[in-house]
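Visitor: Pasting in a structure now, in C-alpha cells, and then I'll have a few things to ask.
The values are calculated or read from the model by the stated rules, or taken from the named source; none is laboratory data. Every value quoted in this text rests on a predicted model; they were computed, and no experiment measured them. Glycine also receives a Cβ, built like all others from the backbone with ideal geometry; neighbour counts cover every protein chain displayed.
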Amino acid sequence: MYLRLYTWILILAGPLAGLALNHSISTLNKSFVDSKSTHHPIRRHLPYQPIDIEYVHAYTPTDFEGAWNSPLPADADTAIGEAMDEYEEMKAKQDYAIKDIRVNIKQISKNPITIKVTVENNSTLPITFFMGHSPLDGFAAALGLFKIRCDIPEVTFGQADLRIEYPSKVHPSTLAEIGPGMEVSRNTTIPTGQNKLNEKLVNLLKSENKVEVYMDGKWRGIWAVDKKSAVGRIRKESHWFRSNTIEIKN
C-alpha cells in the first residue's frame, strides 16, 4: 500500500515541478522585460538623459587676443573720456606755452653790423626747439630769417641764398632747451660774406637812408617739454615767430 502511494506521489510531483519551473522562468523573463521599460521602479527614478558634450578647441589665444576680446570694464568709457580730456588740456597748455616765446633783436655793433638775438621763455613750462632754421641758427642771415627793409622803393634785402636739408628726427646735439622764465642769446653779423648784395646794403647804410630789420620765420621743431622728452621726436614746421623791429645804425 505504501509503495503504491509513493509511486503516485512521484508521478504527480514531476508535472507539478515542471509547472513551478516554467512559472519561475516566465516570472524572470517578465522582470527582465519590465526592467527595460520606463515603468520599472528603478527606471522611473533614473530616466534617460542625453549627455551634453562641450567640444573645446585645442587653440589657445595669446595674451594680446585675450585682452582684446575681453569685455571692457563698466567704467571704461569714463576712464577713456577723462584720459582724452587730460591730453587735450595738456596739449592746450603746451600750445599756449609756445605762444609765450618771444624773439628780441638788438644791434650791439656798427662795424661790422652785429645783431644780438634773444629767445625768451615767458611760459611756466620748459621749451625745447630745433636749432636748425631757428632764430639762433648761425646761418640765420643766409637762410633769409632777417628781413631788411628801407625807404627806397623796390629795394629789398634779406632774401634766402642758402638751403639746408635737416634730418627728420632730432638729436640731442641739435636741440636747445630754455627753462621757464629763462632766455638764450646769440650774436649774428649782418651782412655775412662778401657779395654784391652785402655791398648794396653797406652802401645803403652809408647813404643815411632809414633801414629796418626784423626776424621772421617758422620753427622747424618746437615743443613745450624738456630736452630729454624731445629727443627722437619727428621734426616738423610749426608755429611762426617774429621779432621786434629795429632801425640799423651805422
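Condition check ((1) at pLDDT below 85; (2) within 16 Å of K218 (Cα to Cα)) across all residues:
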{"site": "A142", "(1), (2)": "yes, yes"}
{"site": "D151", "(1), (2)": "yes, no"}
{"site": "E165", "(1), (2)": "yes, yes"}
{"site": "L175", "(1), (2)": "no, yes"}
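Visitor: Of (1) surrounded by fewer than 19 Cβ atoms within 10 Å (Cβ to Cβ); (2) at pLDDT 90 or above, H171 satisfies all except one. Which?
Guide: (2)
Visitor: Next up: For V119, are the conditions met, namely being surrounded by 14 or more Cβ atoms within 10 Å (Cβ to Cβ), modelled with pLDDT of 90 or more and under 14 Å from I222 (Cβ atoms)?
Guide: yes
Visitor: Output yes when any residue across region 90-98 is modelled with pLDDT of 80 or more, over 23 Å from V170 (Cα atoms) and of a type outside the set (A, V, I, L, M, F, W, C), and no when none is.
Guide: No - not one qualifying residue is present in region 90-98.
Visitor: State the number of residues belonging to region 218-250 that are within 23 Å of I148 (Cα to Cα) and of a type in the set (V, I, T).
Guide: Number of matching residues: 3.
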